[in-house]
Structures are given as C-alpha cells and as structure tokens.
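Have a look at the structure below, then the notes.
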Amino acid sequence: MSGAQQYKTLKGMQDILPPDTFLWQSVEQTARSIFSVFGFQEIRLPVLESTGVFSRSIGEQTDIVEKEMYTFTDKGGRSVSLRPEGTASVVRSYVENNLHNLPSPQKFYYSGPMFRYERPQSGRFRQFYQIGVEAFADPHPRMDAEVILMLERFLSGIGLQGISFQINSIGCEQCRPGYRDALLSFFSGKADQLCPDCLRRYDRNPLRILDCKSAKCIAARSGAPRITDHLCDDCRQHFGKLQELLNMLHVAFTVNPEMVRGLDYYTRTTFEVTSQGLGSQNAVAAGGRYNRLVREFGGPDTPAIGFAVGMERVIGLLKQSAAQEWPAPAVFIAARGEPAGTEALSLAGRLRDRGLWVEVGDAENSLKSQLRRADRISARHVFIIGDEELKSGQLRWKNLHDASQGVIMMTEIEEFISGIC
RNA sequence: GUGGGUGUAGCUCAGCCGGUUAGAGCACCAGGUUGUGGCCCUGGUGGCCGGGGGUUCGAAUCCCCUCACUCACCCCA
C-alpha cells in the first residue's frame, strides 16, 4: 500500500457486493413478477428533481424537508434536491406526462436509491433503496385492499417471516381538522406530563404524540381521543370496507389507531409493515392513500394510493434467516500446458454459447492447483485437457460432488453436457 | 442535532499493570516430484496497531485531542 489517499464511501453510503447482490437481484425479480401480474408497470424517474417537488408534497414542516434533504443550487441557479422518497416524483411525472389519459386505473412501480441526510444507524442509511408502487384514479377501498394484498404477496414471496401489517385511517380534509382539535384540547392541560419531544410535537404535529415511546407519554395519552372515532361517514365507510375486504382476502392485519405517518400528503388509509429483529428502525414497508396530491401538483382531481418497501431492511431480514450462498459455475476446465490451454479457451467458448457458466484454469499451474481452485468455487464438473487428451481427441471429466470421472470424445462434449447440466 | 460503545492483517480477535524484528485462527496464493479437489503438512502475500500530539531512555500498551465506525434518541423505508 502506497501513501496514496485511501477513499472510503461517504457516511451512510455503502457498497453492495457479492454475494449480497445475488440476494438483491432475487428480491427485485420477485417484486417485478408479482407487481406485473397485478398490472403494475415500471417507470424510471430522475434521482434529481426541483426542490419544490418534494417540499410541496412531503410537507414544508416535516423533518425530511426541513433538514434531511440533499439540496443544492445547480449551475443554472436552480434549487434541486436528490429525491428523499419516490411518490412525489411519480406524481410529478403523472401530471407532467398527462398519464391520466392512459386507461384507468394507472398502476406503476419503481425502484432505486433515495437520499436523506440523517444520522445512520441500524437499518438507516443516507442512500437507501426503495421499491414502491402507485395506483392512480381508483378511489374505492378495493384498490386499497388490492395494493395491500400485493404487498403481502410480495413479502411472503421472498420468504419474509414474522412480519405484521398494521392499518389505520387518518381521515380526510373534512374530518381530520376536527380530530386534531380534539387531540389538542385533550393534551392542553397535560403539558407537564409530556416528554420534551412531545411538547414540540404538540405544536408541530400533535398526532405524533400518539406513537411516542416514552413511558410518560404512553401514560399521558391513555383515554386520548382516537382518530377512528372521529372519522366522517365517508371515511368510516371506506375504512370499514377495506377491513372487510382484507378479511375476505385472508390478509392478516391489526388496526392501529395510533399509527402515524410522517408525510403530509396521506388521506384515509395508511398502513405499515413491521418486523421484530430489525432493531429500532422496524418498518419494512409503509404506504397509504393520497387523494389530493395530484390535484395539488396541477393535475386533474385524482385519488391515488401506494407504498414503498425498504430494500436494505428486507435484505437484512432475509440474511438473518438464511446463510448467503455464492452461485457456482457449472464447469471448470483444467488444462496443462500451452496447446491445451488454447483448446480449453475454445471449448469454454462453445459451452458458454450454450448458456453455461464456465471457468478456465491457469494452464501454467499444476493440475492439483487447478482442481483446488475448482473446488473452492464449488464447480460441479471439471474437464481436464492435457497432451494425452489432445492426442487422442478425448477429454477427461470429473464430477466434484461425487468424485466420479470418465473419458469422452471432444466431439461429443455438447451431448455430454446436456446430459449432466 | 443529542447521548453511549468500539477502533490491532480481508474477517474474528489475542497482545494492552509500557521493554528487543506485533501474533493466532479463518480466508487468499503456492508447494508437498511424473496429470486429480475436499482432510493434513509446509511456505508465502497481507498491518507505519484509525490519525495527530504529549509523557518516557522506550508507547499497540499511559494521557489529551481528533476522525471513523456502531447503537440509541430524533425521524423514518
């Protein structure tokens, strides 16, 4: 190692390396195939947007917008930000491209990195990956149920265990202000019973007091009004119908009237999937309905619902339950000396054309050394080419799993391969 | 932004009441006679002991500062 500068990833950013990348690929593949059969189509969006895309949707007052965004001025003097979440960009794109002209409902999924300038901890990074979906133009709770069902299918499809679904309704512009007032008046005489954080929340976002973890606040909020008791008729019916549908679809869930979401744009249904064994950041996926956002972005009045899955959290759970496997090559070709080394390369090419993963040994090394390498990378079969084989037009094969071996003609190699692979 | 914990080889760690060239296991590479892996044996690559300063004849070891990582609060996927 010279005295040269050693670069490292920035705080909260990480390299994703093999064999983890294989796990990521399989999770992404499952997502694609499940979302596809539900009729969701992929969209790919920029990572950088006008800052307003996020501040106006997520909420000016939220922590995400106030202190967690990677915001800077570009060379044209515009304020731009790395996306801290996906929904705002999808809505921007929906409006910009007039996607409401596609047959309704319009259903999309996306995946990619998000950025938030936070203090990293277990399950929390500054660059993190989400797979998310958004469904537009269907106000009915059937769409809520379908989206939640799809999330459940996906999570069980990748083999996640021990997760639980919580759902809630946070009402709409008709009923939420009334509930907020009820909550404020309930806590107004109890300021001394709240933790310092919740005193702040009282002014900024009183609903958050409901999910504070401090023992004081848990005690102070007993008997607090519940959002589910303050829903207007339409919201109550919507929420009731959703529960009915989820039961019919056999999606296990619990209603949690204290569940609060951090983003301002939600209306009615919100939901969250949590897991034990994730540490403090235990949300695996979360989402909800946002019926006003498209309108606020200048589009037609269009209801919508979506969710996002935290990839690192899902991957973290999967790694706990199963050891990482390295994929292994089908064939390793060991050659001895120069003419054989060339022959090995040519044979490898033919086998790769048939879609096989083939590794070639270093013909300058001993056979023993090459076999050791083949074993280390768990190759299933070894072909051995040397002077003898070149003379006779044959080659020797060996199965490293059961140690069987034999000889075949070089010209019959393709048939032989199709018999064993 | 606020607290706690930890920094010695790629990984897991020992050494740390100061004392000659800083260790182990695993991993990686090679070899153990002519062309056969796993086990075993041998050898090799790899660390200015996170960085800087101080105390001392002498610091991985003691003191101070700093940085990084990590967990938690906050917030959230």
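The values are calculated or read from the model by the stated rules, or taken from the named source; none is laboratory data. Note that this is a predicted model, so its numbers are computed, not measured. Every residue, glycine as well, gets a Cβ built from its backbone with ideal geometry; the counts of neighbours run over all protein chains shown.
Summary table below
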| item | result |
| --- | --- |
| Identity of the residue in the range A:207-221, under 30 Å from the mean Cα position of the chain (by Cα) and assigned to a helix (DSSP H, G or I), that ends up farthest from residue A:181 (Cα to Cα) | A:211 |
| Leading residue by the ranking (modelled with the lowest pLDDT) among those in the range A:24-56 that are under 15 Å from the mean Cα position of the chain (by Cα) and within 16 Å of RNA strand B (Cβ to nearest atom) | A:24 |
| All positions within the range A:293-311 that are surrounded by fewer than 18 Cβ atoms within 10 Å (Cβ to Cβ) and either in contact (Cβ under 8 Å) with a residue 40 or more places away in the chain or not in a loop (DSSP other than H, G, I, E, B) (or both) | A:295, A:296, A:298, A:300 |
| Selection count, the range A:232-275, where residues are within 30 Å of residue A:116 (Cα to Cα), in a loop (DSSP other than H, G, I, E, B) and not charged (D, E, K, R) | 10 |
| Residue check, residue A:149 under 24 Å from residue A:242 (Cα atoms), among the hydrophobic types (A, V, I, L, M, F, W, C) and modelled with pLDDT of 90 or more | yes |
| Verdict on residue A:278 being at pLDDT below 95, part of a helix (DSSP H, G or I) and buried (at least 17 other Cβ atoms within 10 Å of the Cβ) | no |
| Qualifying residue in the range A:91-114 (condition: surrounded by 17 or more Cβ atoms within 10 Å (Cβ to Cβ), in a loop (DSSP other than H, G, I, E, B) and either more than 22 Å from the chain's Cα centre (by Cα) or within 16 Å of RNA strand B (Cβ to nearest atom) (or both)) | yes |
| Scope the range A:316-334; condition outside any loop (DSSP other than H, G, I, E, B) and either at pLDDT 95 or above or buried (at least 17 other Cβ atoms within 10 Å of the Cβ) (or both); matching residues | A:316, A:317, A:318, A:331, A:332, A:333, A:334 |
| Unique match (being near RNA strand B (Cβ under 8 Å from one of its atoms), within 39 Å of the chain's Cα centre (by Cα) and not in a strand (DSSP E or B)) among A:372, A:352 | A:372 |
| Residue that is at pLDDT 90 or above, within 17 Å of residue A:327 (Cβ to Cβ) and surrounded by fewer than 12 Cβ atoms within 10 Å (Cβ to Cβ), where the choices are A:349, A:355 | A:355 |
| Residue that is farthest from RNA strand B (Cβ to nearest atom), among those in the range A:383-397 that are surrounded by fewer than 23 Cβ atoms within 10 Å (Cβ to Cβ) and touching a residue at least 24 places away in the same chain (Cβ under 8 Å) | A:390 |
| Residue match in the range A:264-278 (condition: basic (Lys, Arg), outside the structural domain of residue A:379 (by TED's automatic domain parsing) and more than 11 Å from RNA strand B (Cβ to nearest atom)) | yes |
| So residue A:166, is it within 26 Å of residue A:256 (Cβ to Cβ) and surrounded by fewer than 16 Cβ atoms within 10 Å (Cβ to Cβ) | no |
